[in-house]
Structure formats: structure tokens, C-alpha cells
Amino acid sequence: MQMEIFDTAETWNRERIEQTQLLRLKATLEQARNCVFYRERLDAARVTSGTIRSLDDIRRIPFTTKEDLRSQYPVNLLCVPQSEIVRMHCSSGTTGTPVAICHTQNDINSWADLMARCMYMVGIRREDVFQNMSGYGLFTGGLGIHFGAERIGCMTIPAGAGNSRRQIKLIKDFKTTVVHILPSYALILGGHVREAGENPRDLPLRIALVGAEPYTEEYRARIEELFAMKVYNSYGLSEMNGPGVAFECPAQNGLHIWEDAYIPEIINMNTGEPAPDGEVGELVITTLCRQGMPILRYRTRDLTRFIPGPCACGRVHRRMDRILGRSDDMFVIKGVNVYPMQIEQVIMTFREVGQNYLILLENDGISDVLRVQVEIRDEFFVEDMRVLQKLQKSIAQRLRDEILLTPRVELVESNSLPRTEGKAARVLDTRHKK
Ligand code: ADP
Ligand code: ZN
């Protein structure tokens, strides 16, 4: 398989995209047969590259699940001799045993091209100074985005995660214009700048790539406002390389999924059938350009929907909506299904609310209780009790309107809730523990 991803694929028309997808899907099926796992799977389903005549035929290919990938750990899914592998990455293990993905030099090159395409799309150029605040190491947000930035020619600072004081110093010393940062960490970093008596808006930052965990439109607005910079949503997962799978364009209305490199589907989680256009379901992705470890119809467990219709920017690669959460993020309390993002969406509209929040699911011996702890900005915490009580009440009411259940809202001081260096833990469920 030889790919020229970076040429003009970003602006292909629908016909060109689909023709290429079909050819690459067939090639990927051939490639996948180089490992026992897929050869047996495909034989059992009687699928060969010859039986795939149209893109709709993709539905004849069995799904691949995270469990499948785990069962083939570490290298059973290799479809090239191991000597051709130049790098491996793992998922960050947010939800259990990691999965290892191995890349050939060609895989690494096309990934870097995709990442560069995302960054170039939102106006990042070689004159920019790019500071990557993602953890490096096995986590793909480090090297994955790093290689994309270098491909554009940015001066790239591999700052790594955490250590806010050093991050701020680097931004100032090297006049960083673009950062890659976790949404939860962006507000924390802004808080540190303020604590030092400075205004985050005075920093030279103009663009942030923000992803790796779910966040809402309200949260985006906060980060943009805090730093006076544009925030673009970046989506990816280790199984599909990492970042560079889907990215927001300047229209900031959905993320373009790069369909020359992936076939995205949205399915009904329970039936596995395609979800009706525009409806929320589970995102399923097939790699089209991967040699080392091609993956067929991977069930991401991420919930989103396709955004129908053309994008204002003119690109025709399909758009997905921001991720609502993982299917396993949903919790059930008193018979009601709730996603943490529904809660975030409400609380982040209150200007008194600070950087952090925590959702607690508890059992008080009689019934389940939903508690929402919300950090309040210092300037509001000094208000008198009545004002705070009123705020507490109105947050609870607005939450009830959204999730149809009244939580116990607790206002806490800023910086009092636990922080993580990696992806934020938004929910603490102690209901089934003694
Ligand atoms: P892990 O599954 O261990 O967290 P990854 O580092 O591969 O490993 O993370 C990929 C996952 O991160 C995605 O499946 C998705 O749930 C989440 N994610 C990545 N980017 C975004 C984003 N922009 N919005 C929401 N969730 C995201
Ligand atoms: Zn667009």
C-alpha cells in the first residue's frame, strides 16, 4: 500500500473520496489477512476484498472490539514482519488493560501528515511556536502531535504535562503562539497565571488544540475567553493512531473526519445497525492507510453523531459532533441515565463557577444520592451566605431541568477539588463499595 495523504486529499470531492475509500478498504482487507486473528475472522464471515463491491458492503465485516485488541496483546495483530515496526504506542489505559499499536515508518509518516493537515487547516504556520503540554511517552498526544507540528515547520517545544510554572515561563520566554492542552488543564493553567498576578489574555497565545477528553461548548467558550485565543477540538484514539482522526475547521461547527484515511460509521450501540443520519450512536472506525496494524470496524465506544449537510468551510469530509462521552461514562441514578457532560454544560454557564467540578454518586443507606461539587471563583466566595445559597439553588434547578433529577449542589472553594495531571476524573461512584 502506497499512500500520498498530504497531497490534496483535504479538498477532494465526494466522488474522489469514495472511490479512494473503496480501493483502500480492499487493500486494507488484504493487509489484515497477514495476521491470524483477522484471517480467521474474515474467513468465518466469508469476506474477502473481492466480496466488497461497494462501501456499504463494509457492514459484512465483523466489528473489532477493545477486548479483541487486548486479547491479541502485545503483537499478535502485526501484519508486517516485526523488523518493519519503528514505533509502538499504548492507549492511556483510562478504562483498563492497555492496548498496544505498532507503526511502520509509512504509518508514522501518514499520521504526521494527517496531524499537519489538521493544524494547517486552523491557520498554524511555520512561523508559529508550538508548545505541546501533553504527556509524552506511550500516550499518543505527545509524539503524535509533535511530529505534525514539526512537519509544518513550527518551532516545537516538547514541554510535556504539568509543571505550570515552567509552562508559563516557556510561553513567555519563547513567545509561544500555539498550545496543545487538555481542557481540564487549560482552566487550571489560566488560574495559575492569575494567581501570579498576571492576565492570561496578555500571553502571546493565539490558538489551542484541545482534546483527549470530552468537554462542552460552554467549556470551550471559557478557555477562549480566559486566554483570548481560539480553541479547536481535536479528536483521536490510540487504536486509530491517536490525534489526527478528526479535527475542527475554522467554522468551529463539528470535526471533519479524514475520510481518505478512515471510514467512519455511527451505529446503534445495541443493534450494531447504522444509526439514522444525524442521530447519536457509537462511532466505529476502519483504518484505510495502516500497514503495521490495520483495524477493521473498531468500536470506539465514543458517542457522537454525524452533522448532516455541507460545512461552511467547503471541505466535504464528513463532520462529527463533539463527543458526548464514552458509552461507559454514562451512569444511572434513580433510574435516570446521565452523562457527565450534561452536568458540565449546565454548571459552566454560571460565571461564578470556577475551574473544577466533581460528580459524586453515593448511597446514604436508604437511596442513591447525586452530589455535585462545584468550585466557586474566589471573588464570589466572599459574598454573603444568602447570595451563595441562591446560587446553589439556581444551579440545582438548572440541573434538574437538564437531567430530570435534583442533585445536591455543594459550592466549594477554588483549588479544593482533586486535580489530575492526565485526563480528568469527573465522576466518583462509591455506591457499591462498603
Ligand atoms: P484511553 O482510551 O485509555 O483514554 P486514548 O489516549 O487512546 O486512550 O484516548 C482516546 C479516547 O479519548 C477516545 O476514545 C475518547 O474517548 C477520548 N477523546 C479523545 N479526543 C477527544 C475529544 N476531542 N473529545 C472527547 N473525547 C475525546
Ligand atoms: Zn469545515
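The values are calculated or read from the model by the stated rules, or taken from the named source; none is laboratory data. As the structure is a computational prediction, the values presented were derived from the model and not from experiment. Reconstructed Cβ throughout: ideal geometry from the backbone, glycine too, with neighbour counts over all protein chains shown. These area figures cover heavy atoms from the full protein model, side chains too; ligands, DNA and RNA do not enter into them. Shrake-Rupley method; radii C 1.70, N 1.55, O 1.52, S 1.80 Å.
List of remarks:
- Sequence of Leu324, Leu69 when ordered by accessible area, the most exposed leading, probe 1.4 angstrom: Leu324, Leu69
- Set Lys230/Lys423; Lys66/Lys230; Lys66/Lys423; Lys169/Lys423; Lys26/Lys423 screened for pairs whose C-alpha atoms are more than 25 Å apart: Lys66/Lys230; Lys26/Lys423
- In nm, spacing of pseudo-spin labels at Glu218 and Arg126 (7 Å Cα→C-beta vector): 4.4
- Of all accessible heavy-atom area on the chain, the percent that carbon and sulfur account for (1.4 Å): 50
- Lys390 accessible area, assembled protein chains, probe 1.4 Å, Å²: 150
- Probe 1.4 Å, all protein chains present, accessible-area order of Glu265, Glu15, Glu218, largest first: Glu15, Glu218, Glu265
- Whole-angstrom gap from the range 315-340 to the range 4-55, using each part's C-alpha centre: 28
- Cβ-based net charge around Cys102, under 11 Å, with every Lys or Arg adding one and every Asp or Glu removing one: 0
- Less than 5 angstrom separates the built amide H of Arg318 from those of Ile257, Glu259, all sequence-distant by 5 or more or on a different chain.
- Reported to the nearest whole Å, the Cα centre-to-centre distance from the range 137-178 to the range 367-397 is 36.
- Look at the dipole of the chain built from charges on Cβ: of Gln167, Gly278, Phe247, the Cα furthest out on the positive end belongs to Gln167.
- Taking the DSSP beta bridges with both ends in the chain, the antiparallel portion is around 60 percent.
- Computed from the C-alpha gyration tensor, the three semi-axes of the ellipsoid equivalent to the chain are 38, 27, 19 Å, from longest to shortest.
- Spatially proximal lysines relative to Lys334 (Cα-Cα < 20 Å; intrachain offsets below 8 disregarded): Lys433, Lys434
- In straight-distance terms, cross-link reach from Lys390 covers every one of the aspartates and glutamates whose alpha-carbon lies under 20 Å from its own, apart from those fewer than eight places away in the same chain; here that gives Glu344, Glu352, Glu375, Asp378, Glu379, Asp401, Glu402, Glu410, Glu413.
- Note on Asp401: accessible area is roughly 100 Å² with a 1.4 Å probe, heavy atoms of protein only.
- Counting heavy atoms of the protein chains alone, Ile263 has an accessible area of about 20 Å² for a 1.4 Å probe.
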